[in-house]
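To start, the structure under review is shown below, and the notes come after it.
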Amino acid sequence: MKTKSSLSRIGWSLAYVVVAVVGLRVATGSPPSAGFPSPQQERSVTRKSWRVEPVKVVAARNKKEEKIELGKAFDDDDDWLDGFTVTVVNNSDKTVTAMTVEMIFRREPGDSRPPVAKELHFGPSPSGREYIYRDPNKVIRVGKTADLTLSPQNYNNLKRDLEQNGYPNSIKRVELEVTEVGFEDGSVLRSGTLYLQDPNNPSDPTKKVPARRPPRAQNHRIGITPERNGITSPSILLKASFT
């Protein structure tokens, strides 16, 4: 009987210690122990649309969700951007050679600080000198799709940048916007304005001239892009993967 009584007292003592430790962590705001998964919360992926879009974001996914429905909430943990992948489709009548999709992290209502934006690239910028050295086989042909994926290294960099800019550990939403599209003929659609290759400098991708009027061809119809004032874009560029 004494042995059972002693074991009972020891058991209760251990229980009190566990309760005390948990209470201390809650009181001091200590993070949960490593190894415990973050709780499931509602997340969402939305996209900014142009009135007419030659290249359009049509899908997203991550390591756990094979299909994330754009504009609708879904449950996932705090690592939901790990392996984040965006799928785009070329709805134009010309081959796409380069493009940029921005991941925009809006602040909570009432927070006046500018949002952080990260870029996913399909090839080098069509307006940069490095465009000359692009892989000519990596293109998006008419009616075809391509995937732009957040690499593991850049995912870690993204988490660091968000933390340094005062974001909470739990990111609930991301907004996608196609900001630049380059075409095989050297033209570029950027921020709602169409630029053509400068005829006096046909081999220099940095030389573009604004189109005088929106052409009627499907891939060069001009829509109005949303207002993008006040977006902070850290210098790191996220690596794209191709299909």
Counting only residues that are in contact with a strand residue (DSSP E or B) (Cβ under 6 Å, 6 or more places away or on another chain) and among the polar types (S, T, N, Q), which one in region 131-172 is surrounded by the most Cβ atoms within 10 Å (Cβ to Cβ)? Thr149
Those residues that are of a type in the set (D, E, K, R) and either exposed (fewer than 14 other Cβ atoms within 10 Å of the Cβ) or assigned to a strand (DSSP E or B) (or both), I need them from region 186-215; list them, please. Arg190, Lys208, Arg212, Arg213
Where residues in region 108-120 are in contact (Cβ under 8 Å) with a residue 24 or more places away in the chain and over 18 Å from Thr149 (Cβ atoms), which of them is surrounded by the most Cβ atoms within 10 Å (Cβ to Cβ)? Val116
Can you give me the number of residues within region 189-214 that are among the acidic types (Asp, Glu) and within 16 Å of Ala98 (Cβ to Cβ)? 1
Which of the residues that make up region 140-175 are charged (D, E, K, R), closer than 14 Å to Val116 by Cβ and in a strand (DSSP E or B)? Arg173, Glu175
Just a yes or no: is a residue in region 97-105 at pLDDT 95 or above and touching a Lys or Arg at 6+ places or on another chain (Cβ under 6 Å)? yes
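The values are calculated or read from the model by the stated rules, or taken from the named source; none is laboratory data. Worth saying up front: this structure is predicted, and the values here are computed from it rather than measured. Every residue, glycine among them, receives a Cβ derived from its backbone with ideal geometry; neighbour counts consider all protein chains shown.
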